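Please read the structure below before turning to the comments.
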Amino acid sequence: MDIDDHEITISVNGVRYQRRVESRMLLSDFLRHDLGLAGTHVGCEHGVCGACTVLLDGQPVRSCLMFAVQAEKHEISTVEGVAGGDGEYHPLQQAMHDHHGLQCGYCTPGILMTMTAFLEENRSPSEEEVREALSGNLCRCTGYQNIVDAVMAAAKRMRG
Amino acid sequence: MSTRTFGEPIKRNEDRRLLTGQALFIDDVELPGMLHAAFLRSQVAHARIRKIDVSRALRRPGVVAAYVADDLGDYWKPGPLLVPPPPIAGIVFNQRTQVPLAKNKVRHVGEPLVIVIAESRYIAEDALDDIDIELEQLPAVVDIEQGLKAGSALVHEDLDSNVSAHVRQTKGNYATAAAKADHIIKRQFRYEHGISSPIETRGVVAQWDKRANQMTIWDTTQAPVFIRNGLAGMLGLSERQVRVIAPFVGGGFGPKIMMFYPEEVLLPWVSMKLNRPIKWIEDRLEHFFATTHERGQIHDAEMALTRDGRILGIKDVFLHDGGAYDPYGLTVPINSQCTLLGPYVVPNYDSTFTQVFTNLTLVTPYRGAGRQHGVFVMERLLDFAAHELNIDRAEIRRRNLIPADAFPYKNEIIFQDFQPLEYDSGNYEPVLDMALKAIGYNAFREEQAAARRQGRHLGIGVACYVEGTGIGPYEGAKVQVQSNGKVSIATGIGTQGQGHFTVFAQIAADQLGVAVTDVDVVTGDTDQFYWGAGTFASRGAVVAGNAVNEASKVVRKKALKLASDLFECAEEDLVLEDGKVSIVGIPEKFVRLGDLAGRANPMRGAVQPGTEPGLESTQYFGPPMGATANGVHAMIVEMDPRTFDLKILKYVVVHDCGTVINPMILAGQIHGGVAQGIGNAFYEKLVFDDQGQLLNASLADYLLPTALEVPRVELGHTVTKSPLNPMGIKGAGEAGAIPVGPLFAQAIEDALDLERRGVELLEIPLSPSRLFELTRNAPG
Ligand code: FES
Ligand code: FES
């Protein structure tokens, strides 16, 4: 197969990166291995588990289902950018810590990205809505209950 | 100790790294000059290998090497037997362990044939298509009953049958008991247990450093010390030349302790050969074939009872699907055999099993590790007995519980740890009472009738279990006060989310009067701690936790001794808190722990004979046998009688795992176990065709429960301390997952009125379509 490279410019967590990538390079691999932002995890590489979720212009997408070249000129946000610059937790990170919403932590980055975006749109979710929003992210450790509690608590705190 | 953290819901030390994307998982290991491996795996379950030609693959730009079995020379060997057969009279065991690359024959889909090494993972995977291969397909052994019939194809042709093992264990005399019984219940049960499917798959990175003569291996293993020892032997190195690091591991649940996976054996060898670091990360499709499973058992079981529902004895004959190789010995079926007895008095027991080789992926323990299968048989037998003897389901259980004054209770058979199966302590009836109360058992029949009048179908289930936990051999821990006053702990076990960084810190923090956040825990790095066994059988907190406790006690003593010398006062006059030792009543007279650590390692003067430098201690703990935890799950479901859609309205777990170190972390373990149990009972099924092809090898088709299927779990605890360790703790890692199958069967039967309709649920997993099949011809 001919290898065709492309020069792309992508902004991740507010930092602009210019790189040459193969057209078939997955966005997940690009973030993890080319940019060294390994906080984005991959669990299935077929779009089901949600571990690889990042935000594309603020909307959650599965980075294993996109090519890096498709992110050209878009804003990507990853788990590395969720906390404040001084390391201060986002309310959802704090709530996940307080409610024991993670065990092995492998699913956690994807859940943080999915649910921070959800909380931007819905500050007063019901438990049902939280579960619905969470249902595209698989977690094999927690049984979800503490994650649900964390999201509810974060929503409350974000409502102020 | 002024501030006890032991027993408190202390938040986890490890969270920050995980929440900010900074924790190191296997695929985050990046090394200069690193190459990538991909495996060509068999696409058929059983075949003779006629030809493998890798020459085209080697010509692809970016491909560095490709190896087949013959290239390995003497390094090609079947893996070790991890758990030899226990000392049971008359046991049959045919040891056939997995090989690094298939030679002559492939025995399951996914068995590796070729390892390809390339400059990137993309290129390595491309090159797999370039390999020319000819396999002559053989009939596959897929069904365990068929596999034992004369004339069946043989997984291992040097054996005269597909029997991997055959074991009989007895207690009392079942035949005599049955002859006296008022009633006998006899059924056949089928129980399938799927795959653990952690969200992180497996991976290995191996780096041979030629100058240092040193091998470093990062591995998603639950047992780094065993991996080091084994690989050192295979590679012809001494243990000190091999360092194994289990970094943050994204869930294990059992299969990450299999040893040795072919990839674990091959990567270090290739790294030595090429003198380059090599990485292999399993993809999800490979995970379905190449990581070990749990699968099916078929039980022909009978229970002899008195008229008033007392168990006189149980006879059980079962088949266990072992897969293509049996490196784990008999661990899974022995767990089934032993755990079947549950919390009940069973005076007579006659249990025989046959482990069968099949052309399917290997079976090794997955959370519960065969315990589920046994519990399903026992709990279902009790349900049918209750129905036929017209006794309430909770009541028949109560009548058979081992009474509180009967502990330690001897079951007269041998458990997986080779010790006689003996329950160390327990008080079972209050656990049952608490669960019944929490689920609202007494009010339920009215609730059910009221719901039925509105056309809603509610059902209730109650299931009991015991869990053998915390088995030996031993674990160790090194506790060391640093000169900055922080405490570091190193142990040899691996960790996969169980909160070891926090619970071990709590134990040390209490002994040493420091904050939990000032205790750093290192697990899973063989250069930090040399000895140990691993994280399995719900043993991490029990065995390593007690080692941490013992080591911390010694360090505490050393600190007090040093301070008493310094202050020239008696040790009894000193308090150790807030990171310093001070004199009782004179808080301004103190010395910091960090300074004591400095004093314990002086630049001048002599370390006294019989003492050691440093404020540290290494201690080991080995329990004489496993500690037995117990519990009861209860559940109310609502079923749609047309679609068989199931909704869990209420789920209660009451259990007793002895002293609790951190109730928050314990609750998390239970929640997660229940979620896996629910998957096992109703959603997850490995579907094979008759040629051994797995038909649902993706997470889109093999359904892990999501946040919509897993309910809120209400928890209750009782505490009966274990006499087997000073802290009185028992393990809890598997308790959530064990009794969920029978609970589902019972509650669904109840909701759909299946007893009256003459339908019995004798198998797990169930599913809406299976329930449709089972009930379609039953009266309404
Ligand atoms: S890795 Fe992208 S959804 Fe699973
Ligand atoms: S915490 Fe382990 S997968 Fe979610």
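The values are calculated or read from the model by the stated rules, or taken from the named source; none is laboratory data. Just so you know, these numbers come straight off a predicted model, no measurement behind them. Cβ coordinates were reconstructed from backbone atoms using ideal geometry, including for glycine residues, and neighbour counts include every protein chain displayed.
Before moving on, here are some points about what is shown:
- Within segment A:51-81, considering residues that are within 9 Å of chain B (Cβ to nearest Cβ) and in a loop (DSSP other than H, G, I, E, B), the one farthest from ligand 1 (Cβ to nearest atom): A:T78
- Any chance B:P78 is exposed (fewer than 15 other Cβ atoms within 10 Å of the Cβ) and under 30 Å from A:L31 (Cα atoms): no
- Within segment B:731-780, the set of residues being within 17 Å of B:V375 (Cα to Cα), of a type in the set (A, V, I, L, M) and not in a loop (DSSP other than H, G, I, E, B) comprises B:V740, B:L743, B:A745, B:A747, B:I764.
- Of everything listed in (1) within 16 Å of ligand 1 (Cβ to nearest atom); (2) hydrophobic (A, V, I, L, M, F, W, C); (3) crowded, with 21+ Cβ neighbours inside 10 Å, the single unmet condition for B:A697 is (3).
- Flag if B:F226 is touching a residue at least 60 places away in the same chain (Cβ under 8 Å), within 16 Å of ligand 2 (Cβ to nearest atom) and among the aromatic types (F, W, Y): no
- Filter result (more than 16 Å from ligand 1 (Cβ to nearest atom) and either without any contact (Cβ under 8 Å) to a residue 60 or more places away in the chain or within 9 Å of chain B (Cβ to nearest Cβ) (or both)) within segment A:95-115: A:M96, A:H97, A:D98, A:H99, A:H100, A:G101, A:L102, A:Q103
- Residues of segment B:33-42 satisfying the condition of being more than 14 Å from every other protein chain (Cβ to nearest Cβ) and either loosely packed, with under 15 Cβ neighbours inside 10 Å or hydrophobic (A, V, I, L, M, F, W, C) (or both): B:G33, B:A37, B:F39, B:L40
- The set of residues in segment B:1-32 being of a type in the set (V, I, T) and either away from chain A (no Cβ under 12 Å) or part of a loop (DSSP other than H, G, I, E, B) (or both) consists of B:T3, B:T5, B:I10, B:T20, B:V29.
- Residue match in segment B:466-474 (condition: under 30 Å from B:D645 (Cβ atoms) and in the same structural domain as B:M635 (by TED's automatic domain parsing)): no
- Residue pairs whose Cβ atoms lie under 9 Å apart, sitting 6 or more positions apart in sequence or on different chains, and linking a residue in segment A:138-160 that is touching a residue at least 60 places away in the same chain (Cβ under 8 Å) and assigned by TED's automatic domain parsing to the domain that holds A:E121 to a partner that is of a type in the set (D, E, K, R) and crowded, with 23+ Cβ neighbours inside 10 Å, do not occur here.
- Residues that are assigned to a loop (DSSP other than H, G, I, E, B) and loosely packed, with under 15 Cβ neighbours inside 10 Å were ranked within segment A:12-23; the one that is nearest to ligand 2 (Cβ to nearest atom) is A:G14.
- In the set B:A449, B:A404, B:A443, B:A435, only one residue is crowded, with 17+ Cβ neighbours inside 10 Å and not acidic (D, E); that residue is B:A435.
- Residue satisfying condition, being among the aliphatic types (A, V, I, L, M) and more than 30 Å from B:A747 (Cβ to Cβ), within set B:V462, B:V466, B:V479: B:V479
- A:G58 being under 13 Å from the mean Cα position of the chain (by Cα) and buried (at least 21 other Cβ atoms within 10 Å of the Cβ): no
- Within segment A:24-43, considering residues that are within 16 Å of A:Y106 (Cα to Cα), free of Cβ contacts under 8 Å to residues at least 24 places away in the same chain and part of a loop (DSSP other than H, G, I, E, B), the one nearest to ligand 2 (Cβ to nearest atom): A:V42
- Index of the failed condition, B:P641 passing every other in (1) crowded, with 24+ Cβ neighbours inside 10 Å; (2) not in a helix (DSSP H, G or I): (1)
- Residue match in segment B:554-574 (condition: closer than 30 Å to B:D417 by Cα and either out of contact with any helix residue (DSSP H, G or I) (no Cβ under 8 Å at 6 or more places or on another chain) or assigned to a helix (DSSP H, G or I) (or both)): yes
- Number of the exception - A:G84 against (1) farther than 22 Å from B:G250 by Cα; (2) in a strand (DSSP E or B): (2)
- Test for B:V363: is it among the β-branched types (V, I, T) and in contact with a His (Cβ under 9 Å, 6 or more places away or on another chain): yes
- Filtered residue count, segment B:491-513, keeping only those that are assigned to a loop (DSSP other than H, G, I, E, B) and surrounded by fewer than 24 Cβ atoms within 10 Å (Cβ to Cβ): 1
- Spans of helices (runs of 4 or more DSSP H) in segment B:167-282 with at least 3 residues surrounded by 24 or more Cβ atoms within 10 Å (Cβ to Cβ): B:224-235, B:262-274
- Members of segment A:116-125 found to be within 13 Å of another protein chain (Cβ to nearest Cβ) and farther than 24 Å from A:V42 by Cβ, listed by number: A:P125
- Taken as a whole, the structure leaves B:A304 outside the set of residues that are modelled with pLDDT under 95 and not basic (K, R).
- Criterion applied to B:G741, B:G716 was being in contact with a Phe, Trp or Tyr (Cβ under 6 Å, 6 or more places away or on another chain), in contact (Cβ under 8 Å) with a residue 12 or more places away in the chain and under 30 Å from B:F407 (Cβ atoms), and the one residue passing it is B:G741.
- Test: residue in segment B:735-743 that is away from chain A (no Cβ under 14 Å) and within 30 Å of B:L285 (Cβ to Cβ): yes
- Segment A:131-160: number of residues that are within 16 Å of the chain's Cα centre (by Cα) and within 9 Å of chain B (Cβ to nearest Cβ): 8
- For B:S196, the conditions (1) touching a Pro at 6+ places or on another chain (Cβ under 6 Å); (2) within 16 Å of ligand 2 (Cβ to nearest atom); (3) within 24 Å of B:V68 (Cβ to Cβ) all hold with the exception of (3).
- Scanning segment A:116-145 for residues that are within 15 Å of ligand 1 (Cβ to nearest atom) and of a type in the set (S, T, Y) returns a single hit, A:S135.
- Of all residues in segment B:659-690 being among the aliphatic types (A, V, I, L, M) and within 12 Å of A:H100 (Cα to Cα), the one that is farthest from the other protein chains (Cβ to nearest Cβ): B:L666
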